[in-house]
Structures are given as structure tokens and as C-alpha cells.
1. Would the range 93-102 turn up any residue that is touching a Gly at 6+ places or on another chain (Cβ under 7 Å) and closer than 27 Å to residue 154 by Cα?
2. Among the candidates 102, 76, which residue alone is among the small types (Gly, Ala, Ser) and over 20 Å from residue 190 (Cα atoms)?
3. Go through the range 52-70 and count every residue that is within 13 Å of the chain's Cα centre (by Cα) and open to solvent by 60 Å² or more (accessible area, probe 1.4 Å).
4. Among the residues of the range 71-91, are any farther than 27 Å from residue 127 by Cα and open to solvent by less than 50 Å² (accessible area, probe 1.4 Å)?
5. Quick check: is even one residue across the range 98-105 closer than 24 Å to residue 36 by Cα, open to solvent by 60 Å² or more (accessible area, probe 1.4 Å) and free of Cβ contacts under 8 Å to residues at least 40 places away in the same chain?
6. Right, residue 133: out of contact with any Gly (no Cβ under 9 Å at 6 or more places or on another chain), over 30 Å from residue 38 (Cα atoms), modelled with pLDDT of 95 or more and basic (Lys, Arg) or not?
7. For the range 86-193, list the helices (runs of 4 or more DSSP H) that sit wholly inside it and hold at least 2 residues that are among the charged types (D, E, K, R); which are they?
8. From 49, 35, which residue is over 28 Å from residue 179 (Cβ atoms) and either buried (at least 16 other Cβ atoms within 10 Å of the Cβ) or touching an Asp or Glu at 6+ places or on another chain (Cβ under 8 Å) (or both)?
Amino acid sequence: MKAASAGSRPQSWRYATLLVLLMLGQATSAIPSPLYSLYAAKWDYPPFLTTVIFAAYGAVAVVAILVSGALSDRYGRRPVLIAAVLLLLAGLAVFVFAAGPGYLVVARMLNGLGIGAIVLVGGAALLDVSPERAARSGTLTAIAFNVGIAGAALGTAGLAQTGFHPLLLPYLADALIALVLLVLLLTMREPHPSAGAAPLGIPRPHCLLYTS
């Protein structure tokens with residue numbers, strides 16, 4: 001009886017954890033941008049490679065968004081978010097140990113997969129945890145996105161100006177927060193009440209044609 005009651009104990013911290021996770025995802029997306037000029041000076045690669053890095057990130061993020069929703073409906077929000085945080089950490093590790101411009105492409109692709117999943121599945125998990133706060137969740141999610149992007153971009157740019165390990169410290173700080181969130185996700189109960197019941201179907205991208 002005691003074990004059962006402990007297992008059903010409410011986890012009021014889940015909502016805040018998911019908001020911080022959404023913030024972290026956007027922060028991770030913003031960190032490298034102020035550093036590309038430093039990487040280009042360090043390895044002397046042509047400007048078009050920066051475009052390749054952005055394109056690779058965007059492409060895999062779209063794939064993650066398309067796939068992660070169906071996976072979380074079928075297998076649960078929690079395992080997908082855990083995998084997403086692990087992808088973030090893998091990308092951060094590649095940034096830290098990068099030895100050439102090719103590493104930046106790999107790092108951004110890993111981060112893109114994780115961030116795409118966090119944006120979609122993290123938002124869905126917020127609604128699962130607190131459906132009665134749907135409107136407020138939308139507002140708080142937008143705030144979390146903006147705070148994450150602005151804080152990471154300004155902090156990283158400041159380090160780049162000072163020259164105090166700008167290619168290391170932002171990634172380490174981000175990884176530390178990600179590790180804390182990973183521990184919380186591992187102890188979190190599954191937010192999606194009907195996980196396992198939904199069929200696994202990946203939505204196909206489509207376009208809408210507008211005529212005047």
C-alpha cells in the first residue's frame with residue numbers, strides 16, 4: 001500500500017521541468033550562431049559552409065518534428081524526450097571536441113534532431129500534464145522560447161567578445177542544465193495517459209495551394 005501511494009504521489013515539478021526543457025532547446029539552437037565567425041577564423045573555411053550548417057540543422061529539425069509526435073503518441077512523451085536530451089548532449093560533445101568544420105555539421109544535425117523533438121513533444125507533454133492551463137501554457141512556451149534564445153545568444157556573444165573560452169564554456173553550461181533535466185525526466189512519470197494505444201503513423205508533409 002505504501003509503495004502504491006508513493007507511486008501515485010503528484011509530481012508538481014513536471015510542468016516547470018518541461019518549460020525549462022523547452023527553454024533549453026531554444027538556448028541550444030542559439031549558442032553556436034555567435035561563434036561561427038570564430039570557427040571560420042580558426043579553421044579558415046569558406047562562408048558557404050556556414051550556410052550548409054544552417055541548412056543541415058533545419059532539415060533534420062523538420063524530420064524530427066514530423067517523426068517525434070507519432071513516436072511519442074505510440075511510445076510515450078517521456079522516452080522521446082529522454083532520447084532528445086541525449087541527442088542534445090551528443091551534439092554538445094561534438095562541439096566541445098570539434099577538430100574541423102565537418103564536426104560543426106554533425107553537431108548541428110544531432111542538436112537539430114533533439115531540438116525538433118523537444119519543441120513538439122515537450123509542448124504536447126505540457127498539455128498532458130496540465131490540460132486545464134492550455135492557453136497559459138501557450139504563453140509560457142513562447143516566453144520560454146524567447147528567453148532561451150535571447151539568453152544563450154547574448155551570453156555566448158559576450159563570451160566571444162571577452163575571449164574567455166567562448167568555444168567551450170557555453171556548451172559546458174548548456175550540457176550541465178541538460179544533465180539535470182535528464183535526471184528529472186528519468187524520474188518523471190509518463191505524462192501521456194494513452195501512450196501505447198495509438199498506432200504508429202508518420203504524417204506526410206504536404207503543401208497547400210492558394211488561388212486568388
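The values are calculated or read from the model by the stated rules, or taken from the named source; none is laboratory data. What you are looking at is a predicted structure, and each value in this text was computed from that prediction instead of being measured. Cβ placement follows ideal geometry from the backbone for every residue including glycine, while neighbour counts extend to all protein chains displayed. Heavy atoms of the whole protein, side chains included, go into the accessibility calculation; ligands, DNA and RNA do not. Shrake-Rupley method; radii C 1.70, N 1.55, O 1.52, S 1.80 Å.
1. Let us first name the residues in the range 93-102 that are touching a Gly at 6+ places or on another chain (Cβ under 7 Å), namely none.
No, every residue in the range 93-102 fails to be touching a Gly at 6+ places or on another chain (Cβ under 7 Å) and closer than 27 Å to residue 154 by Cα.
2. Just a single option satisfies the conditions, and that option is 102.
3. 2
4. Just the residues of the range 71-91 that are farther than 27 Å from residue 127 by Cα, to begin with: 90-91.
Keeping just the survivors that are open to solvent by less than 50 Å² (accessible area, probe 1.4 Å) gives 90-91.
For the range 71-91, residues farther than 27 Å from residue 127 by Cα and open to solvent by less than 50 Å² (accessible area, probe 1.4 Å): present.
5. Step one: filter the range 98-105 for residues closer than 24 Å to residue 36 by Cα, giving 98-105.
From what is left, the residues that are open to solvent by 60 Å² or more (accessible area, probe 1.4 Å) are 99, 103.
Filter again for free of Cβ contacts under 8 Å to residues at least 40 places away in the same chain, leaving 99, 103.
Among the residues of the range 98-105, at least one is closer than 24 Å to residue 36 by Cα, open to solvent by 60 Å² or more (accessible area, probe 1.4 Å) and free of Cβ contacts under 8 Å to residues at least 40 places away in the same chain, which makes the answer yes.
6. No: the conditions fail for residue 133.
7. By residue number, 101-129.
8. Values: 35 fails: over 28 Å from residue 179 (Cβ atoms).
One residue alone meets the criteria, 49.
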